[in-house]
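Report on one structure; see the data block that follows.
The values are calculated or read from the model by the stated rules, or taken from the named source; none is laboratory data. Everything numeric here is computed off the predicted structure, so don't read it as measured data. As a convention, Cβ positions derive from the backbone with ideal geometry for all residues, glycine included, and neighbour counts pool all protein chains shown. Each accessible area value is taken on the protein alone, full model and side chains, heavy atoms only, with ligands, DNA and RNA left out. Shrake-Rupley method; radii C 1.70, N 1.55, O 1.52, S 1.80 Å.
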Protein chains: 2
Amino acid sequence: MKNIKDRVTIYEVAKASGVSLATVSRVINNNDNVTETTRIKVQETIRRLGYKPSALARGLATNRTTNIGIVIPNANYVYIANMLNGMTDEAKDKGYQLTLFVTNHSKDDALQMVEKVITSHVDGAIIFDDELDVEEVNKLSSYKIPLVVINNNVIAERVACINFGYEHAIRSVINSYFEKGDKKMYFLHLHHSGRLLQRIEKAFVDTHVEAMRGYGIYSIEDSYRQTYSDFMEIFKSTHSGYFLAHRDSLAAAVLNAAIDSGLRVPQDVEVLSIIGTKYASILRPHISSLHIDLKEVGAKAMQMMTDLLGEIEMQHVHKFESTFVKRDSTQY
Amino acid sequence: MKNIKDRVTIYEVAKASGVSLATVSRVINNNDNVTETTRIKVQETIRRLGYKPSALARGLATNRTTNIGIVIPNANYVYIANMLNGMTDEAKDKGYQLTLFVTNHSKDDALQMVEKVITSHVDGAIIFDDELDVEEVNKLSSYKIPLVVINNNVIAERVACINFGYEHAIRSVINSYFEKGDKKMYFLHLHHSGRLLQRIEKAFVDTHVEAMRGYGIYSIEDSYRQTYSDFMEIFKSTHSGYFLAHRDSLAAAVLNAAIDSGLRVPQDVEVLSIIGTKYASILRPHISSLHIDLKEVGAKAMQMMTDLLGEIEMQHVHKFESTFVKRDSTQY
DNA sequence: TTGTACGCGTTATCAC
DNA sequence: GTGATAACGCGTACAA
């Protein structure tokens, strides 16, 4: 079965130090009912042999890995990287590792990842993925896997939720723009962008309908380059507008296209980035955006997860309300 | 030991379908020596019971997890996110999961992560971390863990390397600038930025020394905001210079500070981003940069890893040569 | 084709 | 304080 037998086991340590493996186990786990002399003796041979406990065997015995699954659509977006950053920081403190399950914005992959999360025996999973519906989340939940679900409301045992409050902010931005501004507003629609953006788009449409205003929707590709060239085309005939884009790089595509078409920002063209990151204030002109600190979100998610795992009393729902940060790409 | 006994095991599936667990195991692993009828029967009860094999137990039995450890300093940089993206794509094809080990640019953490990589029983590890020296890498290697080391030359059994060729490009950029340009060049030095940047800085210094030219070094913080305000200060007294920055956001800090100080880019101030990402061509003015596609690097690294694991013949060293992409932040 | 029995490396429950 | 020994869930020779 194993042609290369090399991993030092607790057994060999026991034999080498002349004790039973039970004692070695006690030493490893800092169980205090061990004589100081034998403890030192064992620790010495552990170091000498270079013994490292196997997380696999330990996990099998304790039914706990110190592993938390992270389900994300993609590792590439800046805001997801920010979130991962918050998670890793928090996880490290508590001694957890993160295992990545990437869905690539595909439903099929997402379903497959659900399977993998279950088999992989993680202690819990944090789900930040719009491909996964309540149904799948419930499936995970039915396997008793503690869950923190970001941006999806699920109520179940051992499930905590983090919600993003974008609707309120977007409505208020739009409504207050109605009072002062006069440009037509356009929403940049993205395929496979998930529920969050859909909800925001709905809020955008609803607000316009309620105010009996006209609006526009542009379908764009999830790519800076493509969006930039699309808008270079659009700005040949359209010379003004207020555009709402999913995130900074797409907002920048519109912005750059506008400027390169000789339009003025924000006099002719205004742009709002919905999920703003630090690039919103690095890019010129500075992009107005809705702000939620995703590193904070990641940290909070991980904290809720460890609370869940530690069965600590906690609020099972947390909401991050976004704030509108006016910068130079909008007038108001 | 376990108060909650709920995971469906191969045993229960066996009993429920009236076969032995060996047969169930064969069905799971698509071992073909199983009658079609029993196979179907077993598959049926597997579905009915919602059985999922335990990767833990399987790993213990086969001595293989389908897990690859990724050691990185940080999950937050765009270029690391890009690399992760390439890795996850490639890993998914081959059925591997990624487990993250983040060192936070700290030597202590890095050493701890080495321990964790060993205990965690990953099938292999990809190391993209400058805190880890040859010594630590060799330690990992001594535990027979297949390794792909990025940006660090290690020669050992089951170790593959990916190297970045920045020195050549940087020398050629500098030397050709000596011919045409006249500004003094400054290197933006970062603490804890690792060997890669140190090597590049050395190349920068050496090239100047060889040409008997003067140069400057600025120590900066690893933060856009701080660097921006530092340079707002600097540009009060200094009104020209050619600055080499670690990555896009730091280059942007210099650039924005220059512009906000009323200096012209690239006439007065020139900036080069060493590790360029897509933001180099989103930011305005477009930032000249040295380019290596880090998604490609990630994919290649993962591919080398799977080759290593599959014991496939391969080149154990691969070099990515960076190319200078002139954009608008430099004159030549 | 199918079943038995053992091993994987560790923890935990007993005794002593 | 320490040592057997039975789990943990699965793969796999070997036997049937």
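Computed values, structure above
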quantity	calculated
Whole-number accessible area per residue in Å² for segment A:125-226, which is evaluated in the context of all protein chains at 1.4 Å	46 Å²
Longest DSSP-loop-exposure-free segment, GluC sites (Glu not before Pro), chain A, at most 14 other Cβ within 10 Å	A:1-156
Stokes-Einstein diffusion coefficient of the protein assembly as shown, Kirkwood radius over Cα pairs, 25 °C, 0.890 mPa s, in µm²/s	90 µm²/s
Antiparallel DSSP beta bridges within chain B, as percent of all bridges there, nearest 5	5 percent
Rg/Rh ratio calculated on Cα atoms of segment A:172-240 (Kirkwood radius)	0.99
Mean ellipticity per residue at 222 nm, deg cm²/dmol - from DSSP H runs of n ≥ 4 across chain B, formula -39500 (n - 2.57)	-14500 deg cm²/dmol
Most mobile listed residue (A:ARG158, A:ARG47, A:ARG199) in chain A, GNM with C-alpha springs under 10 Å	A:ARG47
On Cα atoms only, tilt of B:248-260 relative to the major axis of chain B in degrees	30 degrees
Where trypsin sites (Lys or Arg not before Pro) fall in DSSP loop in segment A:206-286, at most 14 other Cβ within 10 Å	A:ARG213, A:ARG264
When each of A:LYS144/A:LYS278; A:LYS183/B:LYS236; A:LYS15/B:LYS144; A:LYS94/B:LYS319; A:LYS116/B:LYS144; A:LYS278/B:LYS236 is checked by Cα-Cα distance, pairs over 31 Å	A:LYS144/A:LYS278; A:LYS183/B:LYS236; A:LYS94/B:LYS319
Degrees between helix A:107-119 axis and first principal axis of chain A (Cα, 0 to 90, nearest 10)	20 degrees
Rounded if a/c under 1.5, otherwise prolate or oblate - segment A:1-64, Cα gyration tensor axes	oblate
Three semi-axes of the equivalent ellipsoid, segment B:3-121, Cα gyration tensor, whole Å, largest first	39, 17, 12
Shape of segment B:167-291, Cα gyration tensor, a/c cut at 1.5	rounded
A/B buried area, accessible surface, summed, 1.4 Å probe, Å²	5500 Å²
Ratio Rg/Rh [Cα only; Rh per Kirkwood] for chain B	1.13
Cα-based Kirkwood hydrodynamic radius, segment B:35-94, one decimal, Å	15.1 Å
Teacher prompt: B:GLU311 distances to equivalent labels in other copies, 7 Å Cα→Cβ, nm	4.7
Ascending list, in nanometres, of distances separating the A:SER223 label from those of the other copies (7 Å, Cα toward Cβ)	3.7
Accessible-area composition of chain A, carbon plus sulfur, in percent [1.4 Å probe]	49 percent
DSSP-defined beta bridges in the protein assembly as shown - what % are antiparallel, rounded to 5	10 percent
Percentage, to the nearest whole number, of Cα pairs in segment B:205-277 over 16 Å apart	47 percent
Paired Rg and Dmax values of segment B:237-295, which use every Cα atom, in angstrom	11.1, 40
Inter-copy spacing of B:PHE178 label points, which lie 7 Å from Cα along Cα→Cβ, given in nm from shortest upward	6.6
Number of partner chain Cβ atoms within 10 Å, mean per residue of A:45-55	3
